[in-house]
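A short write-up of the structure that comes next.
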Amino acid sequence: MRQSLEELIECYQKSLYAAAFHICKNAEDANDVVQDTFVQYYTTKKQFHDEEHLKAWLLRVAINRAKDISRSFWRKNKIALDDYINEIPFESREEYELFETVMKLPEKYRNVIHLYYYEDLSIKEIAEILRITEGNVKMRLSRGRSFLRDVFKEEGS
């Protein structure tokens with residue numbers, strides 16, 4: 001199964017951007033990741049079994065590319081979290097606080113929480129995309145949720 005590039009861009013651009021943005025924490029880098037992902041799709045000869053396989057492949061490519069960018073020397077020394085949070089429009093104060101707290105999670109928990117809650121992926125799909133076991137995904141979700149619960153409990157006290 002192969003789709004036209006235009007169809008893919010229309011269907012997956014926002015999801016890929018969100019996943020990349022959570023890792024890169026920068027709009028320009030996230031846009032680069034999305035573009036690189038679509039270029040890689042265009043140049044690959046890979047056939048996809050179905051829509052889910054295609055989405056998982058695109059997300060895996062985007063996440064890996066975003067991690068590569070985040071690990072680079074220049075990227076590590078480029079932007080502060082406060083600068084990047086100011087680039088995103090939030091509808092409420094609570095939404096802002098939740099986002100800010102999620103962004104403080106270690107990357108392995110932040111990625112799993114993003115894919116599960118924002119991309120509505122199953123635990124099995126997340127495991128395939130990140131190439132970890134389903135048990136590991138469950139553990140990371142549990143620890144990420146626990147961390148978030150603890151932070152909000154402290155603020156409520």
remark   = Sorting Tyr12, Leu98, Ile129 by the position of each Cα along the dipole of the chain (Lys, Arg +1; Asp, Glu -1; all at Cβ), the one nearest the positive end of that ordering is Ile129
message = Which order do you get for Cys24, Cys11 if you rank them by accessible area with a 1.4 Å probe, largest at the top?
response = Cys11, Cys24
ask   = Label points 7 Å out from Cα along the Cβ direction at Ser142 and Thr101: separation in nm?
value = 2.0 nm
remark   = XL table Lys25/Lys108; Lys14/Lys153; Lys104/Lys124; Lys45/Lys67; Lys46/Lys108; Lys25/Lys104; Cα-Cα > 21 Å flagged, in table order, is Lys14/Lys153; Lys104/Lys124; Lys45/Lys67; Lys46/Lys108
inquiry  = In whole percent, and with a 1.4 Å probe on the protein chains, what portion of the accessible area of the chain is carbon and sulfur?
reply    = 48 percent
request  = Using only protein heavy atoms and a 1.4 Å probe, report how much of Ser72 is accessible, in Å² to the nearest 10.
outcome  = 40 Å²
query = Taking 0.36 nm per residue of separation and subtracting the Cα-Cα distance, what length does fully extending Lys108 through Ala27 add?
reply = 27.1 nm
request  = Extending each Cα 7 Å along its Cβ direction at Lys124 and Gln35, get the distance between those two points in nm, one decimal.
outcome  = 3.7 nm
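The values are calculated or read from the model by the stated rules, or taken from the named source; none is laboratory data. Note that the structure is predicted; figures quoted are calculated from it, not measured. Because the Cβ atoms are built from the backbone with ideal geometry, glycine has one as well, and the counts that use them run over all protein chains shown. Surface areas here come from the heavy atoms of the whole protein model, side chains and all, with no ligands, DNA or RNA. Shrake-Rupley method; radii C 1.70, N 1.55, O 1.52, S 1.80 Å.
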